[in-house]
Amino acid sequence: MRYTFLISCLLFVGLGFSQTKKIDYTSDRSYKDEQKYPGAFILSKVNNQVYFNHEGIEVWCDQAIFYEKDDFFKAYGNVRMKQGDTVNMTSSYAEYNGQTKFAFASTDVRLTTPSNTLTTDTLFFNRIKQESFYRSGGKVKDTASTITSVVGRYFMEQEKFSFNTNVVVTNPDYVINSQQLDFYSETGNAYLYGPSTITSETSKIYCERGYYDTRNDKGYFVKNSTVYYENRKLQGDSIYFNRNESFASATNNIKVTDTANQSVIRGHYAEVFRDRDSLFITKRALASMKQEQDSIHIHSDTLMITGKPENRIIRGFYHSKMYKSDMSGKCDSIHINEKTGLTQMIGNPVVWSANSQMTGDSIHLINDPTTEKMDSLKVFNNAFMIQKDSIEGYNQVKGKEMYGLFSDDNQLEEANFIKNTETIYYSRNEDGSLIGIDKAISSSIKILFEEKGISDIYYYTDVESTLYQESDFPKNARRLKNFNWRGDEKLTRKEDLFAEDGPIDLPKIKGIPLPKDENFFDERKEEDPQLLNENSRLTPDILEHRETDTITKDSIPPTRNKNRKRLPFKKIKTDH
C-alpha cells in the first residue's frame, strides 16, 4: 500500500510539473532594475540574441523584460518567433504569456507559413486555439493572390483565413471586393459573405453569398447574384461561373438583359458562352425585344440567342408563341434575324393581326431594322386568311402564297394572294345588312383593309364569281377546303404566352451557410488567468471582442458609401 501511495504522489507531481512547465531562456547579459521593472530580469544581446523556449515555441530578440515568476516576457528588437517547422513570425516587439500560451506582436509583424505570408501592424496569437488575429489592417500573400482587410483571423490547423471589412483580393486576372471572405490557403477556395464583386477585364460578378475557386477560376454564387459581360447582364437565384471556359449557367428566376439590343430574356435554366456570344435558356423561356414604342415577346420551350449584337439571331424550339400589342402568333419553331428584321415561323404557324387570322406551311414577318416598324408578311404554301364576319360566318381567302403589306401604324393594309385563289366574302350594305355571300376563284386576288376590316377586293385573271343569297347558299358550303379557325387560341395579352404551360417544378437551390459566429477573445472569468500579464502594455479593453471583429449576419451594409467611417482600433506604441 505504501508503494502504491508513493507512486501516486510521484505521478501527481509529474503531471503538475508538466502542466506548469516554465519558460527556458538563455542570454549573454542579465541584470535587474527593481525600481523600473520590479520582479523582472532584463536580458540583452551581446553576441547572441536572447533566446526563449516554451513547449514547442522558440523566440529570439535583442532585448527582453522577463518576469520569471509569472512566466511572462516582453521582447524588443528583431523579434523572431518560431513554432515547429511551419510557423515563423518576425516583429519589432512581442509579448508572451507561458501560463495562457497567448502572444502579441506589433510593428512590422510578418507571419510566414509554407503557403502564405501575413503582414500587419499588430497581431494576437493564441497557441491553445492555434489561431492568430489582427484588427488594425493586414495583408496576406500566397502563390496566386494578395488579400487585404481591416480584420483578419487565421485558423492554423485548417489553414483557413477569415477576412472582415473592406476585403480586397488582388489576382493578375481579377480583383475581389467583399465584406467578409473566408479563404482556405491549401486549396485556394474562397467563400464570400455580404455585398461582394469579382472584377476582371471581361466580366464582373456581384453576389451576397458565394464560393470561388481561386486556383481554377470558377465559382458558385447565390443571393442576388449577377454576372456582367460587355453587353449582357445575367441574374439568377444561383449562378455557376467558369472563367477559363468563358461559361456561366444560372438556375431559377433568371433574367438576362441585353443592353446592346434592348432585350430581356427570362427563364429558369440558362447557359451563357461569352466567347461565342451565345445564350441557351429553357423552363418558361421568354425573350422580350423592344420595337419602336412597343415590345415583342417570344416564348418557347427552349430559346437560343447567338451572334454579336449587330448579327444577333434568336431561335425558339417547340411550342413557340409570339405576342405584340397589335399582333400575335403560334408555331412549332421560330427564327429571328435582328440584322435583317426577318422572323420565320415554321411548323403549323398561325398569325393574328387585328381581326385577321393567317395560316400556311410557313410564315415570314419582315420588320424594318431601322424604323423598327412592321414592313411586310409572307405566307408560303397553303396560304389561308380568315376574318370573322361582323355578324356571322367567316370571310375567307386562300391561295398558294400570300404577300401582305403593313401601314405606318403596323396594321395590315394590303394582302395579295397568288395561284389558285378562292374567296368567300359576306357582302354588306353600309347599315350592315347582308347583300349576299360571294364565292369566287381567280388566278390572284388583292385585298385592301381599312379600320381592321376588308374595304375592297380585286380579282385578276380567269375570274369566276357568284353572289349567293343567304338562303341559296348552304351552310355546309360556306367554308373553303382546309378551313381551320383558331380564334380561341389567339393571344390577347402577354400572360397568354404561358396559358398552355403546366406547373413548373423548380429545383431547390443549395445555399452556402454563414460561418459560425466564433469570437477570438473568449469571455474569461475573474478566477481565470488573464491572456496577458498585468505588466503587458495592452489594456483589458483591447483583449475584448468587438462587434466589428466578425460579420456573419445577412444585414451587412453595402460598402459603396465613400464617406463610411473607418473602423476604430487602438494603435499600439512601443515603450522603449
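The values are calculated or read from the model by the stated rules, or taken from the named source; none is laboratory data. All of these numbers come straight from a predicted model, not from anything done at the bench. Cβ: placed from backbone, ideal geometry, glycine included. Neighbour counts: every protein chain shown. Note: accessible area is taken over every heavy atom of the protein model, side chains too, but ligands, DNA and RNA are not part of it. Shrake-Rupley method; radii C 1.70, N 1.55, O 1.52, S 1.80 Å.
Surface composition of the chain: carbon plus sulfur atoms hold 47% of the accessible area, using a 1.4 angstrom probe and ignoring ligands, DNA and RNA.
Only Lys, Arg, Asp and Glu carry charge here, each on its Cβ (+1 for the first two, -1 for the last two); on that basis region 194-345 has a dipole of about 240 debye about its Cα centre.
Of the cross-linked pairs Lys204/Lys339; Lys330/Lys419; Lys388/Lys475, those separated by over 23 Å at the C-alpha level are Lys204/Lys339; Lys330/Lys419. The GluC sites (Glu not before Pro) of region 482-516 that DSSP puts in a loop, and whose beta carbon has at most 15 other beta carbons within 10 Å, are Glu500. With all distinct Cα pairs included, what does the Kirkwood hydrodynamic radius of region 46-118 come out to in Å, to one decimal, could you say? The Cα-based Kirkwood calculation yields 12.4 Å.
Partners of Lys324 within straight-line reach, counting aspartates and glutamates whose Cα lies under 14 Å from its Cα and excluding those fewer than 8 residues away in the same chain: Glu292, Asp294, Glu372, Asp409, Glu495, Asp496. Whole-Hz Karplus values for region 186-198 come out as 5, 9, x, 7, 10, 10, 10, 9, x, x, 9, 9, 10 Hz, taken residue by residue from phi with 6.51 cos²θ - 1.76 cosθ + 1.60 and θ = phi - 60°; glycine and proline positions read x. Per residue, the chain exposes an accessible area of 51 Å² to a 1.4 Å probe, with every protein chain left in place. Under a Cβ-only charge scheme (Lys and Arg +1, Asp and Glu -1), can you give me the dipole magnitude of the chain about the Cα centre, in debye to the nearest 20? With only Lys, Arg, Asp and Glu charged at Cβ, the dipole is about 1720 debye. The phi torsions of region 72-88, fed into the Karplus equation with coefficients 6.51, -1.76 and 1.60 and a -60° offset, translate into couplings of 9, 9, 10, 10, 10, x, 6, 6, 9, 10, 10, 10, x, 9, 10, 10, 10 Hz, rounded to whole numbers, with Gly and Pro shown as x.
[x] 40.0, 135; [y] 25.8, 87; [z] 34.6, 120: which one is Rg and Dmax of the Cα atoms in Å as calculated from this entry? Computing Rg and Dmax of the Cα atoms in Å and matching it to [x] 40.0, 135; [y] 25.8, 87; [z] 34.6, 120 gives [x].
With a ≥ b ≥ c taken as the square roots of the eigenvalues of the C-alpha gyration tensor of region 244-291, please select rounded if a/c is under 1.5 and otherwise prolate if a/b is larger than b/c or oblate if it is not?
Note, shape of region 244-291 comes out oblate.
Across region 335-341, computed HN-Hα scalar couplings (Karplus, 6.51 cos²θ - 1.76 cosθ + 1.60, θ = phi - 60°) run 9, 10, 9, 5, 5, 8, x Hz from first to last residue, x flagging Gly and Pro. The Cα center of region 242-286 and the Cα center of region 361-435 differ in position by 37 Å.
Here r is the Cβ-Cβ distance between Arg29 and Arg215 and R0 is 56 Å; the resulting FRET efficiency, rounded to 0.05, is 0.65.
Taking each residue as 0.36 nm, the span from Asp361 to Lys223 lengthens on full extension beyond its C-alpha to C-alpha distance by 45.1 nm. Here the simple spin-label model places points 7 Å from the Cα toward Cβ, and for Gln262 and Val175 these points are separated by 3.4 nm. From the alpha carbon centroid of region 38-90 to that of region 169-199 is 36 Å. Tilt of helix 2-19 relative to the longest C-alpha principal axis of the chain, in degrees (0 to 90, nearest 10)? It works out to around 60 degrees.
Here the gap between Glu470 and Leu448, fully extended at 0.36 nm per residue and compared with their Cα-Cα distance, gives a gain of 5.5 nm. Using a cut-off of 21 Å between Cα atoms, the listed pairs Lys32/Lys74; Lys378/Lys452; Lys160/Lys510; Lys139/Lys223 include Lys160/Lys510; Lys139/Lys223 as exceeding that distance.
Accessible area of Asp438 (1.4 Å probe, protein heavy atoms only, ligands and nucleic acids ignored): about 20 Å².
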